[in-house]
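What follows is a set of notes on a single structure, which appears directly below.
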Amino acid sequence: MKRAGTGPDGLVVVDKPSGFTSHDVVAKMRGMARTRRVGHAGTLDPMATGVLVLGVEKATRLLGHLALTEKEYRATIRLGQTTVTDDAEGEVTASAGAAGLDPDAVAAGIAGLTGEIQQVPSKVSAIKIDGKRSYTRVREGEDFELPARPVTVSSFVLHERRETEAADGTAVLDLDVTVVCSSGTYIRALARDLGAGLGTGGHLTALRRTRVGPYGLDAARTLEEHQEALAVMPIADAAAAAFPRWDVDAEQARLLGNGVRIATPGLPAGPVAVFGPDGRFLALIEEHGGKARSLAVFA
């Protein structure tokens, strides 16, 4: 029996509006679900819109694993100007222009940022350095460098290019793109690096996340829609959609519930959702040495 005043167990998929931080959305969801136990799987910048996956009550324990899944974005990259934040919210620091930029050079630049690459995150990111957020160090005027880290850009597709003028009259080139990438990839860093490689500078002017793992915009609802009728995906359905599934018998379920590392039948790498004979979601496990190691137990 759930305690009075606690929220439902499950995932809530929000279509985040521009201007809201991920924490703003979590705060609003706490009020809607009437529980403090709400978290999110993967931050979206205030400028960005789109899919933000929230966990309520027990489903918060899924979030760390969901955050590691593949993500998809639609974005607009502006070539010809550099900003301090690598996006449109920051002050323009250089205006080299991008008039007459060779389409083949742009295509080559995009190809060079596709696949397994080393990426230096934006300095105004939320990455912690010695316990302090990178963006905090920027605000405090610190001079520092972030190390590059490996990320995977599995798809970087250009859909449309538009020659236009920026507010200061600089001739710029706007690129509408779709990016599919691993967790930890910064789309504004792709914009920055594409512009740097072309000698024009670049930054992001629009970003919309269209998918986190299996959860796309078709499953997302606006905050207003959730306010009218909170749409919670039951935790069992969420786990079945996001992770490989292993169905166990009653004895295996009992042993798992008691913390016993039972033998596995050769499962895929990474988290696996375990279901009992009655269809109940029991645990997230990982195969280790031919046995099940529990990542989180739910029953």
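The values are calculated or read from the model by the stated rules, or taken from the named source; none is laboratory data. Not measured: the values here are computed from a predicted model. Backbone-built Cβ (ideal geometry, glycine too); neighbour counts: all protein chains shown.
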Taking into account only those residues within segment 161-181 that are among the hydroxyl-bearing types (Ser, Thr, Tyr) and surrounded by fewer than 16 Cβ atoms within 10 Å (Cβ to Cβ), which is nearest to the chain's Cα centre (by Cα)? 178
So which residues in segment 91-124 are within 26 Å of the chain's Cα centre (by Cα), assigned to a loop (DSSP other than H, G, I, E, B) and surrounded by 16 or more Cβ atoms within 10 Å (Cβ to Cβ), if there are any at all? 113, 114, 121, 122, 123, 124
Residues of segment 14-65 satisfying the condition of being free of Cβ contacts under 8 Å to residues at least 60 places away in the same chain, closer than 30 Å to residue 86 by Cα and among the hydroxyl-bearing types (Ser, Thr, Tyr): 18, 21, 22
Residue among 192, 221 that is over 15 Å from residue 299 (Cα atoms), of a type in the set (D, E, K, R) and in the same structural domain as residue 108 (by TED's automatic domain parsing): 192
Which one of these does residue 45 not meet: (1) crowded, with 20+ Cβ neighbours inside 10 Å; (2) of a type outside the set (Ser, Thr, Tyr); (3) closer than 24 Å to residue 211 by Cα; (4) touching a Leu at 6+ places or on another chain (Cβ under 6 Å)? (4)
Count, please, the residues in segment 26-42 that happen to be outside any loop (DSSP other than H, G, I, E, B) and surrounded by fewer than 21 Cβ atoms within 10 Å (Cβ to Cβ). 7
Helices (runs of 4 or more DSSP H) completely within segment 206-299 that count 1 or more residues being at pLDDT below 95 and among the aliphatic types (A, V, I, L, M): 235-242, 250-257
Those residues of segment 151-183 which are touching a residue at least 60 places away in the same chain (Cβ under 8 Å) and not in a strand (DSSP E or B), in sequence order: 166, 168, 170, 182, 183
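Rundown of residues vs (1) under 21 Å from residue 9 (Cβ atoms); (2) of a type outside the set (Val, Ile, Thr), yes/no style:
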residue: 247; (1), (2): yes, yes
residue: 254; (1), (2): no, yes
residue: 260; (1), (2): no, no
residue: 273; (1), (2): yes, yes
residue: 279; (1), (2): yes, yes
residue: 284; (1), (2): yes, yes
residue: 292; (1), (2): no, yes
residue: 295; (1), (2): yes, yes
